[in-house]
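To start, the structure itself, in structure tokens.
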Amino acid sequence: MGIIFSMINSLIGGGQGVAEIVLVGCGCPLRGMGWYHAVQLLGGECPSGKLAYIVEPWFMGGGASGPGGPEFAEFQKKAEAEHGVKFFKSVGELPPVADGVKRLALISGRTSDNPRLMSESIEAGCTTIYLEKPGAPSVAEIEKMVEVSKTKNVPVLMGYNKNVCKYVSRVRDHASGVADSHVTF
């Protein structure tokens with residue numbers, strides 16, 4: 001979450017005010033990376049940003065009645081009631097950005113959808129994008145995304161979680177049993 005703090009502080013000019021955050025691709029509670037970001041934001045771990053909107057195409061559409069759908073519906077109900085978060089099925093449904101408000105998107109969607117979601121988020125008024133890895137299915141698509149962000153003058157930051165690889169887990173497990181060992185990335 002540290003990079004998100006830095007990104008939001010930079011976006012709003014060093015801590016003057018609160019940025020409006022759009023989470024695009026929440027995913028299933030206790031499984032989706034987007035959901036973990038939502039929990040951190042709703043828990044107040046980023047005081048310079050407020051999670052205002054969640055866009056979740058799958059669980060608000062075809063996946064609503066499938067595995068994870070009921071858990072998502074319960075999370076949605078709670079986030080709306082306790083935090084005033086508004087939920088949408090698509091980025092295109094977001095309301096316009098209010099005057100003087102800085103809006104950023106935290107995109108944690110399916111890899112194949114991310115290029116489109118990034119473009120839609122920029123069109124919806126997001127002036128900074130935090131994109132979870134891997135970003136797009138190919139280098140060519142990432143290069144197109146870079147061009148779009150440059151043309152629109154919208155910075156894009158890429159997330160990377162180094163703790164999920166099974167080999168990293170094995171190294172950490174091994175190191176925990178070796179005196180004076182240290183694993184650095």
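The values are calculated or read from the model by the stated rules, or taken from the named source; none is laboratory data. This is a predicted model, so every value here is computed, not measured. Note that we place each Cβ from the backbone using ideal geometry, even for glycine, and neighbour counts take in every protein chain shown. Each accessible area value is taken on the protein alone, full model and side chains, heavy atoms only, with ligands, DNA and RNA left out. Shrake-Rupley method; radii C 1.70, N 1.55, O 1.52, S 1.80 Å.
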Subject >> Spin-label model distance (nm) - HIS174 vs MET158, 7 Å beyond Cα toward Cβ >> reply: 2.7 nm
Subject >> Inter-label distance for GLN40 and SER90, nm, one decimal - labels placed 7 Å from Cα along Cα-to-Cβ >> reply: 3.0 nm
**OP:** Order THR111, THR128, most accessible first, counting only protein heavy atoms with a 1.4 angstrom probe.
**Re:** THR111, THR128
Original post:
Once amide H atoms are placed 1.01 Å from N in the peptide plane, what residues at a sequence separation of 5 or more from GLY49, or on another chain, have their amide H within under 5 Å of its amide H?
Top reply: ALA19
Subject >> Pairwise FRET efficiency - GLU123 versus ALA73, Cβ, R0 = 41 Å, nearest 0.05 >> reply: 0.90
**OP:** Return the long-range amide H neighbours of LYS86 (sequence gap of 5 or more, or a different chain), with a cut-off of under 5 Å between placed amide H atoms.
**Re:** TYR53, ILE54
Original post:
What list of ³J(HN,Hα) values in whole Hz, one per residue of the range 52-66 in order, does the Karplus curve 6.51 cos²θ - 1.76 cosθ + 1.60 (θ = phi - 60°) give from phi, with Gly and Pro shown as x?
Top reply: 9, 9, 10, 10, 9, x, 6, 6, 9, x, x, x, 4, 9, x
Original post:
What is the distance in Å between the Cα centres of the range 40-58 and the range 113-156?
Top reply: 19 Å
Original post:
Using a 1.4 angstrom probe and counting only protein chains, how large is the accessible area of LYS144 in Å², to 10?
Top reply: 140 Å²
Original post:
For SER176, SER149, what's the largest-to-smallest order of accessible area, 1.4 Å probe?
Top reply: SER176, SER149
Subject >> Too-long pairs where the Cα-Cα distance tops 24 Å, listed order kept, from LYS50/LYS78; LYS77/LYS152; LYS102/LYS150; LYS102/LYS152; LYS50/LYS77 >> reply: LYS77/LYS152
Original post:
Each label point is 7 Å from the Cα along the Cα-to-Cβ direction; what then is the distance between the points at GLU141 and ARG116, in nm?
Top reply: 1.0 nm
Subject >> Environment charge of SER108, counting only residues whose C-beta is closer than 11 Å and scoring Lys/Arg +1, Asp/Glu -1 >> reply: -1
